[in-house]
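Heads up, the thing below is written out as structure tokens.
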Amino acid sequence: MAIIVQKFGGTSVGSIERIQNVANRVIQEVKNGNRVVVVVSAMGKTTDELVGLAKQLSSQPSKREMDMLLSTGEQVSIALLAMALQEQGYKAVSLTGWQARIKTEAVHSNARIIDIDTSCIQQYLQEGNIVIVAGFQGVTEAGEITTLGRGGSDTTAVALAAALQADKCDIYTDVTGVFTTDPRYVKTARKLKEISYDEMLELANLGAGVLHPRAVEFAKNYQVPLEVRSSMEQERGTIVKEDVLMEQQLIVRGIAFEDQVTRVTVQGLPRGLQALPTIFTSLAHRGINVDIIIQSITNNETSSVSFSIRTEDLPETLQVLQSLGGVKVEYESELAKVSIVGSGMISNPGVAAQMFEVLAECGIEVKMVSTSEIKISTVVAQESMVKAVEALHAAFQLEEAAALNS
Ligand code: ADP
Ligand code: ASP
Ligand code: MG
């Protein structure tokens, strides 16, 4: 019998009716003759609400207690889904992350899964149960409860699919698949029939919230076939897999974007080997994620460096830089990062030039740029973000392309 892992996100389990709908989707797979492991997120906006409660008590709550708190959200939905299935006459059992033996590193709030001992899940499956596992959580060697970072239930599902050598992993969500860009912002966005792991990983890392980046990493490393599809509609979703043909000589597969970006510039750095390591090591020690970095030589004695961070990290970044002394710090907030992604870029020169031209025609100033083999990211004013995405979507013919592709 094949093993299938199904994952349902927060909106998909957002009410009792929706949990009943999920139960029906699970039963369909059981009726198809499969063994089913289900991963669910917390109901609706539960995780946000729990974060809100903590913030009322403390501006910097302990990360251990945050994990203790946030992990309760998923515990509610696994139990309710098990009840819904039992009510329809099916054997079902719910397991928290630690009961499912999902071992993580000892890092609170953003832990990586290091191992899953599947013997307990296998046993339940053999006894004819539908096994329902809480997403987004695990346990350390020392028995501490951890969480995997926001959106981490996707990663639980793919990691379980890899560990169980499942035949496939279906990610059910509130859109019908992976689109050329976020369909909530851009009406011309079109669903992709397929996308490669590498392209999906770039999109996820660059802000496309439809899949957790680590879930894509797991899927690629263990070659787990993934499908992203709707929990409400029956239509096929998007297949994420190793190799995908580039249709119609297309260069760009999708566009990702994220707001709340700040550019920080440090001027007057003494020339020499130590300035950069000092700044970036100090930031890394505080856990501040630095994204695009641009260094420029001002004159013989000094240089300057600009880098982008998440705006929420600005106060801590300024503290770190001030503690270094002797430098001038400036920053610009209300910026956004807009990125085009596609493996067709590898063999096509001039993609960056085209991107800059499109943005210039719209009167959008590019403030920072970074590239890799299959992506180009630009930092622009936050107020121009959606306009930039729409213009690039049209210029790189993503609307027509996806229509051909689906
Ligand atoms: P879930 O709760 O099911 O995990 P998420 O909210 O995490 O759902 O992810 C689904 C959302 O991802 C969609 O509602 C959509 O707004 C957003 N999204 C961002 N980029 C894309 C994209 N390229 N394709 C589809 N959805 C996207
Ligand atoms: N409930 C968690 C969150 O809201 C995990 C998830 O939904 O994947 O981030
Ligand atoms: Mg999600």
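Quick rundown of the values:
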item	result
Gap separating the Cα centres of region 291-352 and region 4-79, nearest whole Å	36 Å
Euclidean distance of C-alpha centroids, region 176-241 and region 129-164, integer Å	20 Å
Surface share of carbon and sulfur [accessible, 1.4 angstrom probe, percent] for the chain	48 percent
Distance histogram for region 33-125 (every C-alpha pair counted, 5 angstrom bins, percent rounded to whole numbers)	2, 11, 18, 21, 19, 14, 8, 4, 2, 0
Accessible area in square angstrom per residue, region 140-284, 1.4 angstrom probe	42 Å²
Computed helical MRE - 222 nm, the chain, DSSP H runs ≥ 4 contributing -39500 (n - 2.57), nearest 500	-11000 deg cm²/dmol
log10 of Debye I(q)/I(0), alpha-carbon scatterers only, for region 117-167 at 0.19, 0.21, 0.26 Å⁻¹	-0.72, -0.86, -1.12
For the chain, the Rg and Dmax computed from alpha carbons only, in angstrom	22.8, 78
Coordinate range along principal axes, alpha carbons of region 16-62, Å, largest first	50, 22, 8
Measure of compaction for region 189-332 (Cα Rg per 2.2 N^0.38 Å)	1.41
Computed over region 250-406: relative contact order in percent, which uses C-alpha pairs under 8 Å that are six or more apart	31 percent
Phe280-Glu399 FRET efficiency (beta carbon distance; Förster radius 35 Å; 0.05 resolution)	0.30
Exceeding the 29 Å Cα-Cα cut-off - candidates Lys7/Lys193; Lys31/Lys103; Lys63/Lys328; Lys103/Lys168; Lys31/Lys193; Lys328/Lys367	Lys31/Lys103; Lys63/Lys328
Pairwise label distance in nanometres, Arg310 with Arg236, each label 7 Å out on the Cα-Cβ vector	3.6 nm
Per-pair calculated FRET efficiency, R0 = 22 Å: Ser119 and Met1 via Cβ, rounded to 0.05	0.80
Percent of C-alpha pairs per 5 Å bin, region 114-239, short to long	2, 10, 19, 23, 19, 13, 8, 4, 2, 0
Values of log10 I(q)/I(0), in the order q = 0.14, 0.15 Å⁻¹, for region 1-157 under a Debye, Cα-only, solvent-free model	-0.65, -0.74
Rg [Å, one decimal], Dmax [Å, integer] - region 284-380, C-alpha atoms	16.0, 45
Cα→Cβ-extended label distance, 7 Å offset, between Lys31 and Cys362, nm	4.6 nm
At most 14 other Cβ within 10 Å, DSSP loop - chymotrypsin sites (Phe, Trp or Tyr not before Pro), region 119-201	Tyr185
In nm, spacing of pseudo-spin labels at Ala353 and Glu17 (7 Å Cα→C-beta vector)	5.5 nm
With DNA, RNA and ligands ignored, accessible area of Asp117 (1.4 Å probe; Å², nearest 10)	60 Å²
For region 308-348, accessible area per residue (1.4 Å probe, heavy atoms of protein chains only), Å²	49 Å²
Rounded accessible area of Arg286 (nearest 10 Å², 1.4 Å probe)	100 Å²
When region 335-384 is reduced to its Cα atoms, the Kirkwood hydrodynamic radius in Å	11.1 Å
At 0.890 mPa s and 25 °C, Stokes diffusion of region 180-253 via Kirkwood alpha-carbon radius, µm² per second	189 µm²/s
Cα extents of region 290-337 along the three principal axes, largest first (Å)	34, 25, 15
Accessible area in square angstrom per residue, region 24-67, 1.4 angstrom probe	56 Å²
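The values are calculated or read from the model by the stated rules, or taken from the named source; none is laboratory data. Keep in mind it's a predicted model, so treat the numbers as computed, not measured. Ideal geometry is used to build each Cβ from the backbone, glycine not excepted, and the neighbour counts take in all protein chains shown. Surface accessibility is based on the protein's heavy atoms, side chains included, excluding ligands, DNA and RNA. Shrake-Rupley method; radii C 1.70, N 1.55, O 1.52, S 1.80 Å.
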